[in-house]
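Have a look at the structure below, then the notes.
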Amino acid sequence: MKKIPVNEFLKKYAKKISLSLLLVIILSFTVTTGVRTYKLHKVIEIPTLTQEEEKNLNSVLLDKYRDRLSILKSLPYPVKKAELDLLAESAIVIDASNGNILFEKNADEIIPPASMTKLVVLYVVFQEIAKGQIQLSDIVELSPETWACNMPPHSSLMFLGKGQIVTLEELMLGSAICSGNDAACAMANYVTGGMENFIERMNSEVLALGLKYTHFVDASGYSEKNTTTAREMATFAQIYLSKYPESIEKFHAKLSFTYPQEHNLPWEDRALPKQQDFSQGLPERITMPIYQKNTNPLLGSLPGCDGLKTGYINESGYNLALTATRNGTRFISVTMKGPGNNTQEGQAGRVHDGKEIMEWAFRTFQDYKNPLLLRTYKIPLVYTKNQRAYLVPAYKPEALTIPVIAAKNPENALEEVNINLVLPRILKGPVKAGQEYGAIEYYLGEHLLERIPLVSDRNEETVNFWLSAADFFAALTIR
């Protein structure tokens, strides 16, 4: 067999080889383009973010959208400042679902919280219950420093006494309804073994929540050295209610509390007279059932009111953390340094301010909930290995605060909301985690209420020239 030199072979068959190679390349490119096109149209399950990807996304979002991710925030649209007739020197009202500030007055003035302090006490107790460390049904031993007779003068009391048998749940009721300083002391001792440890725990909790001006030296709120602001107390109330919504019905909405009852007395005290004379001071053993109304004067008088907590010492004036709900909308207000020369005047001021601020809020705003749109959107993506961009809301408000502009009432305002979903037909890589590629826009008539950016939830880097070329043609099939 005659051998043909390589150079002669290549010269003789060069065209055929070139054509064959070209056909192979074309075929390979066609297959690649077909595969890329198929994957571009295929329904793909959303892959779960890795811990590193999730951490990266959260870091980017916190940096770019810090204001909207804050617990309290300004409304995302301009409104005319309300002129409310408030007696309290400091006040704020927020939408509980999203932290939008509807109105404020001297909200950063540092004022003692007084017995609003007990909300933080209850928060710590709820945390321990959630951890399984303690239970509502636990019997709490009452040491002498928790007895009502050993409380400071003019204290609000649950009327704990020597030998009583009391559950943790009853102490929480006594704190929430009667504002009992003795109840707060008993819970502090039970949870951490002593007041000093409990105060340290309270301060670490509020510090972790970013409350710079809220600080405690006692758990009852009796000391004028406890400090907070209306803004920070509203922030705390919003967190407290969002984490422990059951606290409303179980404790704060209760209209009254009677203590001690028969089951609270030791056997040897159950035969004692149920009437006692307190004119010479409180005895160690209290056997008489004492009926007390909830210290919150708006319960039963303001429609929808179901909490939250009063507070008073001379240095703070008459304080009130208030919440009410109507038609699925909940507002939280805090008024501090309310006037009054006595309890009757102070309560009257709380009622006036509470109704003034809440009735205005319910007349002016309504919550709009549309959770179906706050989801992940899959968008075709070219020039990257993974052919999908996963767009997620930069933040997810539980509800939007809708102003009542031209509607007859707040409920009708919701019917006037229009939604514009801004989504790209296709995206070209690379994409960056946290980068905006779309939006959900909420309009009331021509007024843009809020624009929630849709951002990529992960990074996607570009691929090589071969795949990019195939994606160029694959992209043409997206309509």
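Kindly express, to the nearest 10 degrees and within the range 0 to 90, the angle between helix 343-364's C-alpha long axis and the longest C-alpha principal axis of the chain.
That works out to roughly 20 degrees.
Obtain the nm distance between the two label points defined at ARG479 and GLU359 by a simple spin-label model: each point lies 7 Å from its Cα along the Cα-to-C-beta direction.
5.9 nm
Probe 1.4 Å, all protein chains in place: accessible area of SER74 in Å², nearest 10?
About 80 Å², ignoring ligands and nucleic acids.
Tell me the label-point distance for the pair ILE25, HIS447, using the 7 Å Cα-to-Cβ offset, in nm and rounded to one decimal.
Spacing of the two 7 Å Cα→Cβ label points: 6.3 nm.
Would you calculate, for the chain, the mean residue ellipticity at 222 nm contributed by helices, counting each DSSP H stretch of 4 or more residues as -39,500 (n - 2.57) and dividing by all residues, to the nearest 500?
That comes out to -10500 deg cm²/dmol.
Taking 0.36 nm per residue of separation and subtracting the Cα-Cα distance, what length does fully extending ASN203 through TRP466 add?
In short, 88.7 nm is gained.
MET202: net charge of surrounding residues, Cβ under 13 Å, Lys/Arg +1, Asp/Glu -1, itself excluded?
Summing Lys and Arg as +1 and Asp and Glu as -1 gives -3.
Heavy atoms only, 1.4 Å probe, whole protein assembly: order ARG285, ARG270 by accessible area, highest first.
Details: ARG285 80, ARG270 60 Å².
Heavy-atom accessible area, descending, gives ARG285, ARG270.
To the nearest 0.05, what FRET efficiency results for THR50 and GLU436 with a Förster distance of 22 Å applied to their C-beta separation?
Efficiency, rounded to the nearest 0.05: 0.50.
Would any residue of segment 196-211 have its amide N under 17 Å from a label point 7 Å out along Cα→Cβ of LYS225? List them or say none.
196-204
At a Förster radius of 41 Å, what calculated FRET efficiency corresponds to the Cβ-Cβ distance of GLU345 and GLN261, to the nearest 0.05?
0.80
Show MET195, MET202 ordered by accessible area, largest first, where the area counts protein heavy atoms only and the probe is 1.4 Å.
My answer, sorted largest first, is MET195, MET202.
On C-alpha positions alone, give me the angle between the axis of helix 6-41 and the longest principal axis of the chain, in degrees, nearest 10.
The two axes meet at around 30 degrees.
Tilt of helix 195-208 relative to the longest C-alpha principal axis of the chain, in degrees (0 to 90, nearest 10)?
30 degrees
Take SER18, project a point 7 Å from its Cα along the Cβ direction, then tell me which residues of segment 453-479 have their backbone nitrogen under 14 Å from it.
Correct set: none at all.
Out of the DSSP beta bridges found with both residues in the chain, what percent are antiparallel (nearest 5)?
Around 95 percent of the beta bridges assigned by DSSP in the chain are antiparallel ones.
In the full protein assembly as shown, how much of SER115 is accessible to a 1.4 Å probe, in Å² to the nearest 10?
That residue has around 10 Å² of solvent-accessible surface.
Could you state how much accessible area ASP277 has, in square angstrom rounded to the nearest 10, with a 1.4 Å probe and all protein chains kept in place?
My reading of the accessible area for ASP277 is about 120 Å².
What's the local net charge at TYR291, with K and R +1, D and E -1, over the other residues with C-beta under 15 Å away?
Values: positive: LYS254, LYS274, LYS293; negative: GLU170, GLU262.
Local net charge: +1.
Residue separation times 0.36 nm, minus the C-alpha to C-alpha distance between LYS131 and LEU372: what's the value?
Details: separation 241, 0.36 × 241 = 86.76 nm, distance 3.19 nm.
Full extension from LYS131 to LEU372 adds 83.6 nm.
Quick one: compute the contact order of segment 135-237, relative version, from alpha carbon pairs under 8 angstrom and 6+ residues apart, as a percent.
Values: 146 pairs, mean separation 21.5, N = 103.
It rounds to 21 percent for segment 135-237.
Could you point to the residue in ASN58, ILE177, SER70 farthest towards the positive end of the chain's charge dipole, with +1 and -1 charges on the Cβ of Lys/Arg and Asp/Glu respectively?
So the residue furthest toward the plus end is ASN58.
Give me D for the chain in µm² s⁻¹, whole number, from Stokes-Einstein with Rh from the Kirkwood sum over alpha-carbon pairs, 4 °C and 1.567 mPa s.
This corresponds to a translational diffusion coefficient of 49 µm²/s.
Place +1 on the Cβ of every Lys and Arg and -1 on the Cβ of every Asp and Glu in segment 339-479, take the dipole about the Cα centre, and give the residue among LEU427, TRP360, TYR437 whose Cα lies farthest towards its positive end.
The residue sitting most towards the positive pole is LEU427.
Ratio of alpha-carbon Rg to the 2.2 N^0.38 Å globular estimate for segment 36-133, to two decimals, please. Don't skip to the end; give the middle numbers.
On the way: Rg = 21.8 Å, N = 98, 2.2 N^0.38 = 12.6 Å.
Expressed relative to 2.2 N^0.38 Å, the Cα Rg reads 1.74.
Ordering ASP218, ASP471 from largest to smallest accessible area (1.4 angstrom probe), what's the sequence? List each step's numbers first, then the result.
Numbers: ASP218 25, ASP471 0 Å².
Most to least solvent-accessible, the answer reads ASP218, ASP471.
The values are calculated or read from the model by the stated rules, or taken from the named source; none is laboratory data. In this text the structure is predicted, and so the values were computed from the model without any measurement. Cβ coordinates were reconstructed from backbone atoms using ideal geometry, including for glycine residues, and neighbour counts include every protein chain displayed. Areas reflect the complete protein model, heavy atoms only, side chains present, ligands, DNA and RNA absent. Shrake-Rupley method; radii C 1.70, N 1.55, O 1.52, S 1.80 Å.
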